[in-house]
Amino acid sequence: MFIKKRLVLLLASIPMFGVVAAFGLAPDTVTEDIAQETWSQALTLPAPALTDSGSFDFWREERIGSGETLSHLLQRLGVAQEEISAVLTASRETKALGHLTVGRTVLARVTSTGRLISLQYLPTEDRLITLQRVNNSFRMQESAIKPTIQQVTRGGAIDGSLFGATDAANVPDSVASQLAEIFSSDIDFHRDLRKGDRFSVIYESYTYQGSTIKTGRLLAAEFINGGQSYRAFYFRDPKGRDGYYTTSGQNMRRAFLKSPMPFTRISSGFSNARYHPVLNEWRAHRGIDYAAPTGTPIRAVADAVVSFSGRQGGYGNLVVLNHQGPYSTAYGHLSRFAKGVKRGSRVSQGQVIGYVGSTGLATGPHLHYEFRVNGEQKNPLALKLPNAYPLAAQYRNLFVNTIQPLAARLDMSRNSRTAFLD
């Protein structure tokens, strides 16, 4: 009986030991290094079959660079060298292909072997040039087009400069310049800008066959500077008078711009006592100096008549403008005058009247700017200057209805950096 029990136990334990053996190694097992050998054999592979017979093609788009010729552009588009001469011959039918516009794009349909099928180029917003292959030559066609106008909304935050922030938000430079110009009477972009300030813009974009061919007008904008919100909306009344207005209908255009240059820094402010770096003495500084490189454009701060344009003592090259009422402004140390700026000529607000220089008593290039009231120099940063005329009362309801959808889009983009189209 005892022997039977041991036999049963032994047979029952076999499956258990079998499982252990599958995962372990018996302690008494003797192992030896297994010899390894590396060998190689050369294999003869069949030559690759050329499947590119030019039967398939693709579209390529390239942006025209500064000083780029059509020949160089075709090379970048992947057109074979033997094709380029035929294209250049056909392109002689129009001057537009001989003088390419920097920044515009060219769209080409090219085969994988470099054979050009067609080429499209928009030299202007309403004109299309097409080169189409006909057998082994090219036929050129020039036609009028009608681009699609879309509204683009973008927004971003200031980390350093305005243009750095707009570049990061993919806002075109022309729109960024309009933004700075519109708010220039409320915000001094070289003194008032703060890290974390936010902006939103809505502008027109002209497209044709999915490609942007022109950036249009800024339609609406918001700039939050130091926690204070400024908004502007473009409006054109039935009589053709247009401008930018606040939500309440106040004209954004001031009688005087806050600065003769939107993107410079003040190197010396208005003061009753300043040590003159050239004369080496203390004397009053009855103006504001703006540091900028030689040749930087200087603009008139308001509509005016030129009362003086020439050389005058320590001012060097000087322009003096007479504005409405008792106001006049002076611009000194200019390197040169803008064309047509001479005594008796009229200039409009924002018009370039001269360029930064270091003529007269100046240690380096800068603009010496004076604001005068009845001939006496005043600090323009401390004066409350008059506004332009407000929106006409009879167009008030039309204005409100026009800006309502734009204001809603600004509300949507205030806390978002996402761009969207109309």
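List, please: which pairs have Cβ atoms under 9 Å, are six or more places apart or on different chains, and start with a residue in the range 317-328 that is more than 17 Å from Gly354 (Cβ to Cβ) and in contact (Cβ under 8 Å) with a residue 60 or more places away in the chain and end with one that is open to solvent by 20 Å² or more (accessible area, probe 1.4 Å) and not in a loop (DSSP other than H, G, I, E, B)?
Hits for this filter: Tyr327/Arg372; Tyr327/Val373.
Out of the residues in the range 141-173 meeting the condition of being out of contact with any Lys or Arg (no Cβ under 9 Å at 6 or more places or on another chain) and assigned to a strand (DSSP E or B), tell me which one is most open to solvent (accessible area, probe 1.4 Å).
Gln141
Where in the range 291-358 are the strands (runs of 3 or more DSSP E), entirely inside, with at least 3 residues that are of a type in the set (A, V, I, L, M, F, W, C) and either at pLDDT below 95 or open to solvent by less than 60 Å² (accessible area, probe 1.4 Å) (or both)?
Ranges flagged: 304-312, 316-322.
With the structure loaded, tell me whether Gly98 is in contact with a helix residue (DSSP H, G or I) (Cβ under 9 Å, 6 or more places away or on another chain), in a loop (DSSP other than H, G, I, E, B), open to solvent by 30 Å² or more (accessible area, probe 1.4 Å) and without any contact (Cβ under 8 Å) to a residue 40 or more places away in the chain or whether it fails that test.
yes
Among the residues of the range 199-228, which ones are of a type in the set (A, V, I, L, M) and over 17 Å from the mean Cα position of the chain (by Cα)?
Passing the criteria: only Ile224.
Just a yes or no: is a residue in the range 139-161 in contact (Cβ under 8 Å) with a residue 24 or more places away in the chain and closer than 21 Å to Gln75 by Cα?
yes
Restricting the search to the range 102-123, which residues are assigned to a loop (DSSP other than H, G, I, E, B), at pLDDT 85 or above and either open to solvent by 50 Å² or more (accessible area, probe 1.4 Å) or within 23 Å of Pro172 (Cβ to Cβ) (or both)?
Thr113, Arg115, listed by residue number.
State whether the residues of the range 405-418 include one that is charged (D, E, K, R), open to solvent by 50 Å² or more (accessible area, probe 1.4 Å), at pLDDT 90 or above and over 27 Å from Leu334 (Cβ atoms).
yes
Sort out which residues of the range 69-95 are in a loop (DSSP other than H, G, I, E, B) and open to solvent by 40 Å² or more (accessible area, probe 1.4 Å), and write them in order of number.
Thr69, Arg92, Glu93, Lys95 - these are the residues of the range 69-95 that are in a loop (DSSP other than H, G, I, E, B) and open to solvent by 40 Å² or more (accessible area, probe 1.4 Å).
Here is a yes/no grid of residues against (1) modelled with pLDDT of 95 or more; (2) buried (at least 18 other Cβ atoms within 10 Å of the Cβ); (3) under 30 Å from Arg104 (Cβ atoms):
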position	(1), (2), (3)
Asp192	no, no, no
Arg198	no, yes, no
Val201	yes, yes, yes
Thr207	no, no, yes
Thr212	no, no, yes
Gly226	no, no, no
Arg231	yes, yes, no
Asp242	no, no, yes
Gly249	no, no, no
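Might you let me know whether the range 392-414 holds any residue that is more than 26 Å from the chain's Cα centre (by Cα) and outside any helix (DSSP H, G or I)?
Scanning the range 392-414, I find at least one residue that is more than 26 Å from the chain's Cα centre (by Cα) and outside any helix (DSSP H, G or I), so the answer is yes.
The values are calculated or read from the model by the stated rules, or taken from the named source; none is laboratory data. All of these numbers come straight from a predicted model, not from anything done at the bench. Ideal geometry is used to build each Cβ from the backbone, glycine not excepted, and the neighbour counts take in all protein chains shown. To get the accessible areas, we keep the full protein, side chains included, count just its heavy atoms, and leave off ligands, DNA and RNA. Shrake-Rupley method; radii C 1.70, N 1.55, O 1.52, S 1.80 Å.
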